[in-house]
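The structure appears below as structure tokens.
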Amino acid sequence: MQVLLALLEKPGQIVTREELRQKIWPADTFVDFEHSLNTAIKKLRLALGDRATNSRFVETLPRRGYRFVANVEVADEKPVIKTPASPMEGKVFTLVAEEGTECVLAPVDGKSLEEWRRLLVLNDDVGVSMMITEKRLLLLEAGKSVRLLALEGSAGWCEVRILEGEHYGRTALLSRKSMRPL
């Protein structure tokens, strides 16, 4: 990320290998600079879907440095920071399963929620299983923690971030009744 930021500070201009070394690795840091920089550039190209030959983003200038060649637009607007609409947003909750079960089902988005509801009405267990297999409907273990990101209106659903287990870091929709405050 630091290599990308350094290149974006001077779009269309050469950023020498020495400039990158000074900017990213402090003088008191001892690393194999050549290998580390080459690895960082490879990972950056991979993330951008770019390649060394016929590059669309990062051009290599042999023995000189690199240049960011794509157009860069600077936004005049300051980012909007949304404040929580509810004092519950940002709080951590524990998952509570229905009696007789050990897991909570959580659709990953509104589209998956609608599809899941339709499959339940149709008693389509195979369709529900396919949604779980495709990770559009997550099986979350009761007792695990989630962070409430947003209350989704009066329908009783909330957007959450999963804080433990197989789906760590993912977001999903949960029914309010499946969450208990810590």
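Numbers below:
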{"read-out": "The listed residue being of a type in the set (A, V, I, L, M, F, W, C), in the same structural domain as R176 (by TED's automatic domain parsing) and touching a Pro at 6+ places or on another chain (Cβ under 9 Å), out of L113, L151", "value": "L113"}
{"read-out": "Extreme residue, nearest to the chain's Cα centre (by Cα), among residues of region 16-32 that are more than 26 Å from R56 (Cβ to Cβ) and surrounded by 10 or more Cβ atoms within 10 Å (Cβ to Cβ)", "value": "W25"}
{"read-out": "Filter result for R180 (within 19 Å of T94 (Cβ to Cβ) and not in a loop (DSSP other than H, G, I, E, B))", "value": "yes"}
{"read-out": "First in region 135-148 and in contact (Cβ under 8 Å) with a residue 60 or more places away in the chain and surrounded by 17 or more Cβ atoms within 10 Å (Cβ to Cβ), second anywhere and not in a strand (DSSP E or B) and not aliphatic (A, V, I, L, M), Cβ under 7 Å, 6 or more apart", "value": "L148/E89; L148/G90; L148/K91"}
{"read-out": "Among the residues listed as L44, L37, L8, the single one being outside any strand (DSSP E or B), under 14 Å from R63 (Cα atoms) and assigned by TED's automatic domain parsing to the domain that holds R63", "value": "L37"}
{"read-out": "Among the candidates A172, A142, residue that is in contact with a Pro (Cβ under 7 Å, 6 or more places away or on another chain) and of a type in the set (A, V, I, L, M, F, W, C)", "value": "A172"}
{"read-out": "Single match in N123, N71, N54 (criterion: at pLDDT 90 or above, assigned to a loop (DSSP other than H, G, I, E, B) and surrounded by fewer than 11 Cβ atoms within 10 Å (Cβ to Cβ))", "value": "N123"}
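To keep it simple, each residue is scored yes or no on (1) at pLDDT 90 or above; (2) out of contact with any His (no Cβ under 9 Å at 6 or more places or on another chain); (3) part of a loop (DSSP other than H, G, I, E, B); (4) over 30 Å from Q13 (Cβ atoms).
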{"position": "R63", "(1), (2), (3), (4)": "no, yes, yes, no"}
{"position": "E99", "(1), (2), (3), (4)": "no, yes, yes, yes"}
{"position": "V104", "(1), (2), (3), (4)": "yes, yes, no, yes"}
{"position": "V146", "(1), (2), (3), (4)": "yes, yes, no, yes"}
{"position": "A150", "(1), (2), (3), (4)": "no, yes, no, yes"}
{"position": "S154", "(1), (2), (3), (4)": "no, yes, no, yes"}
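The values are calculated or read from the model by the stated rules, or taken from the named source; none is laboratory data. What you are looking at is a predicted structure, and each value in this text was computed from that prediction instead of being measured. Methodologically, a virtual Cβ is constructed for each residue, glycine included, from the backbone with ideal geometry; neighbour enumeration extends over all protein chains shown.
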